[in-house]
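*Asks:* Dropping the structure in here first, questions after.
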Amino acid sequence: MTLDLEKTVVETAYARWAPIYDAVCGPVMVMGRRAAAEAARAVGGKILEVGVGTGLSFDDYDASTEITGIDMSEPMLEKARTKMASGRYPWVKNVMQMDAHQMTFPDATFDCVVAQFVITLVANPEQVLSECVRVVKPGGKIILVNHLYSEIGVAAAVERWAAKRTRKLGLRPEFPFARLQAWAQSNDKATLVERRKVAPFGIYTLVCFQRTEAALVA
């Protein structure tokens, strides 16, 4: 397993990405993004987008949801706020700069947490996942979509080769599903409920956890 990405590396990389992010990454990530948003819409209610970035996902939600977004990159958030100001996305209530490792939201605030192309980039993925479980309501879902390490074959060899070369771009192509699975197995508040490849090419994987802790009785 390679070392986790440093926070400063990711922040610097995405400040550089901000002006061109929608044009470059929008078409590449569209199928994974839509799959995650569709799964979140099925839950409905208050949804937290971790790593909301420039607000690329805003079009994928509707009035059945209430979206709050967080991101570490202020340049990316500036793009998201410009989209909000257009009036096209009344379901997006707020976006703010926040570290997903230490969210300031109270426990059990959201019905669903979505992290698109994020969990492989944060400094401590397990800590972020635990924060996602904390802020989602009992029975709520945590939906991830990402490219995950192929682990075997030619694709795995290519990803290992690319790993060191893409770090300055804020990317980590060699992150394995096994790490997500191990976190869930060690966390008594989360259960893995879905893992599937996203059509049509299976480049991205959608992973869904559910908070299983029972609600406290008053």
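The values are calculated or read from the model by the stated rules, or taken from the named source; none is laboratory data. The model shown is predicted, which means the values in this text are computed figures rather than measured ones. Here the Cβ positions follow ideal geometry from the backbone for every residue, glycine too, while neighbour counts run over all protein chains shown.
*Asks:* For Phe58, which of the numbered conditions (1) in a helix (DSSP H, G or I); (2) modelled with pLDDT under 95; (3) touching a Gly at 6+ places or on another chain (Cβ under 9 Å) fails to hold?
*Replies:* It fails just one condition, (2).
*Asks:* For region 43-65, which positions are without any contact (Cβ under 8 Å) to a residue 60 or more places away in the chain and surrounded by 18 or more Cβ atoms within 10 Å (Cβ to Cβ)?
*Replies:* Within region 43-65, Val52, Gly53, Thr54, Gly55, Leu56, Ser57, Phe58, Asp60, Tyr61, Thr65 meet the criteria.
*Asks:* If I go through region 66-86 residue by residue, how many of them are polar (S, T, N, Q), touching a residue at least 40 places away in the same chain (Cβ under 8 Å) and more than 20 Å from Ala36 (Cα to Cα)?
*Replies:* 1
*Asks:* Would you confirm whether any residue within region 87-103 is over 24 Å from Arg179 (Cα atoms), under 15 Å from the mean Cα position of the chain (by Cα) and in contact (Cβ under 8 Å) with a residue 60 or more places away in the chain?
*Replies:* No: zero hits.
*Asks:* Of everything in region 1-15 that's loosely packed, with under 14 Cβ neighbours inside 10 Å and not polar (S, T, N, Q), which residue is modelled with the lowest pLDDT?
*Replies:* Met1
*Asks:* Please work out if Thr120 is crowded, with 22+ Cβ neighbours inside 10 Å, in a loop (DSSP other than H, G, I, E, B) and polar (S, T, N, Q).
*Replies:* Against the criterion (crowded, with 22+ Cβ neighbours inside 10 Å, in a loop (DSSP other than H, G, I, E, B) and polar (S, T, N, Q)), Thr120 qualifies.
*Asks:* Still on this structure: Of the residues that make up region 170-183, is at least one at pLDDT 95 or above and in contact with a helix residue (DSSP H, G or I) (Cβ under 6 Å, 6 or more places away or on another chain)?
*Replies:* Yes, region 170-183 has at least one match.
*Asks:* While we're here: Of all residues in region 82-102, count the ones that are under 11 Å from Val52 (Cα atoms) and of a type outside the set (A, V, I, L, M).
*Replies:* 2
*Asks:* Does region 135-154 contain any residue that is at pLDDT 90 or above and assigned to a helix (DSSP H, G or I)?
*Replies:* Among the residues of region 135-154, at least one is at pLDDT 90 or above and assigned to a helix (DSSP H, G or I), which makes the answer yes.
*Asks:* Return yes when Ala37 is buried (at least 16 other Cβ atoms within 10 Å of the Cβ), in contact with a helix residue (DSSP H, G or I) (Cβ under 6 Å, 6 or more places away or on another chain) and either assigned to a helix (DSSP H, G or I) or modelled with pLDDT of 95 or more (or both) and no when it is not.
*Replies:* Numbers: buried (at least 16 other Cβ atoms within 10 Å of the Cβ): yes; in contact with a helix residue (DSSP H, G or I) (Cβ under 6 Å, 6 or more places away or on another chain): yes; either assigned to a helix (DSSP H, G or I) or modelled with pLDDT of 95 or more (or both): yes.
Answer is yes for this residue.
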